[in-house]
Amino acid sequence: MSEMTLRNNSGIRYALGIDGGGTKTALMLTDADGTVCRTLTVDGCNPMDIGFARTVKLLRNAIDEICEEIPMSEIAMFAGIAGGGSASARKELNDFFSIFEFGAFDNQGDTYNILEAALDGRDGISVIIGTGICVQARSGENLYRVGGWGYFVDRGGSGFNLGRDALDAYYSAYDGSGEETLLTSLIEEQTQCTPEELVGKIYAGGKTFVASFAPLVSEAARQGDSIAHSILERNTDCIARVILAAAKHFIAGEEPIPVVLCGGLSHDAEIVAGVKEKLASHPRLSTECLTREPVEGAVMLAKKLGGL
């Protein structure tokens, strides 16, 4: 926490948490006792996706709306923003947040929200499996990141990866270079357009649109489609691989290491079951799904900043 993010926090009465993702941005304002005063959900604000100018415009409007008629000096704010964890992005966002003159504030990447919501100060591993994938391990004072280098780099395990694999199977079946698959009918039902029309929508919609096809993989697998099953196997292998890499950062011992899955794919029973199966042989990993919303983690961090 840098000193420039902290002001006189003696008059702080509220905590504002911001969880900015690629698909949506969630804001939650609570009082000192933790009672939720206001919530707000707006579009995604990842500056890597929409550019810094659009990010700050979206955040400015959202903050003004949720904090209406409350003095900013009475608010401690923490923002965890996807795409905002690098040194340069964090500095730019920190400079932006400083204009509000919060009583106390800080910002980091969105994985900090997840770590706090999932582990609440414990050591362990948080696993974001949404549009993208990112794993963080916390061991004592140390944080380690595995994966989450962006959809051009990450090998698999994300909604984008699953959606891309589904589309690859769809077009391979269409042009005869691959096997027939139930994904064909599921994708046609969802898009209501021809393969040629769909190409334009894919490139216009980008990674979020591609990720929208991820749930169809599990649906097809549940109906016995072998192609979909193979896609699930490959992607759950990728998720397990980065978790096992993160587990190497923990010293030898016998105590369990909590692994908390979160993000949209953590609600997919097929994916969760596949990941748990692949981690079952590790003697210390204990896998669970996040029960809090990531924005609650941001609020928890804001409360710590404000001494609430």
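No lab work stands behind these numbers, since they all come straight from the coordinates. All values reported here derive from a predicted model rather than from experimental measurement. Heads up, the Cβs are rebuilt from the backbone with ideal geometry, glycines too, and the neighbour counts pull from every protein chain shown.
Summary table below
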| read-out | value |
| --- | --- |
| Region 197-258: GluC sites (Glu not before Pro) falling in loop per DSSP and having at most 14 other Cβ within 10 Å | Glu254 |
| Around Glu219: net Lys/Arg minus Asp/Glu count, Cβ-Cβ under 11 Å | -3 |
| Cross-link partners of Lys91 among lysines (Cα-Cα below 23 Å; sequence separation of 8 or more within a chain) | Lys24, Lys57, Lys303, Lys304 |
| Fraction of alpha-carbon pairs over 16 Å apart in region 3-109 - percent | 53 percent |
| Region 159-308: translational diffusion in µm²/s, Stokes-Einstein, Kirkwood Rh over Cα pairs, 25 °C, 0.890 mPa s | 140 µm²/s |
| The chain: mean projected area of Cα convex hull, nm² | 16.8 nm² |
| Fewest-first ranking of Lys91, Lys248, using other Cβ atoms within 10 Å as the exposure measure | Lys248, Lys91 |
| Residue order, fewest to most beta carbons within 10 Å, for Met300, Met72, Met77 | Met72, Met300, Met77 |
| Mean separation of Cα contacts under 8 Å, 6 or more apart, over the residue count of region 124-189: relative contact order % | 21 percent |
| Residue exposure sequence - Val42, Val275 - by fewest surrounding Cβ within 10 Å | Val42, Val275 |
| Antiparallel bridges, percent of DSSP beta bridges restricted to region 1-141 (to nearest 5) | 65 percent |
| Sites Glu197 and Lys24 - FRET efficiency at Förster radius 41 Å, r taken between beta-carbons, to 0.05 | 0.95 |
| Only Lys, Arg (+1) and Asp, Glu (-1) charged, at Cβ; the chain dipole about Cα centre in debye | 820 debye |
| Taking the chain and dividing mean pair separation by its residue count, relative contact order in percent (alpha carbons under 8 Å, at least six apart) | 23 percent |
| Extension gain from Arg234 to Arg38, taking 0.36 nm per residue of separation minus the Cα-Cα distance | 66.5 nm |
| Selected from His229, Ile202, Leu279, residue furthest toward positive end of dipole (region 122-290; charges at beta carbon) | Leu279 |
| Of every Cα-Cα pair in region 97-241, the percent that sits beyond 19 Å | 59 percent |
| Per DSSP, loop chymotrypsin sites (Phe, Trp or Tyr not before Pro) in region 119-197 with at most 10 further Cβ within 10 Å | Phe152 |
| Assigned charges on the beta-carbon of Lys, Arg, Asp, Glu; region 74-206 dipole about Cα centre (debye) | 440 debye |
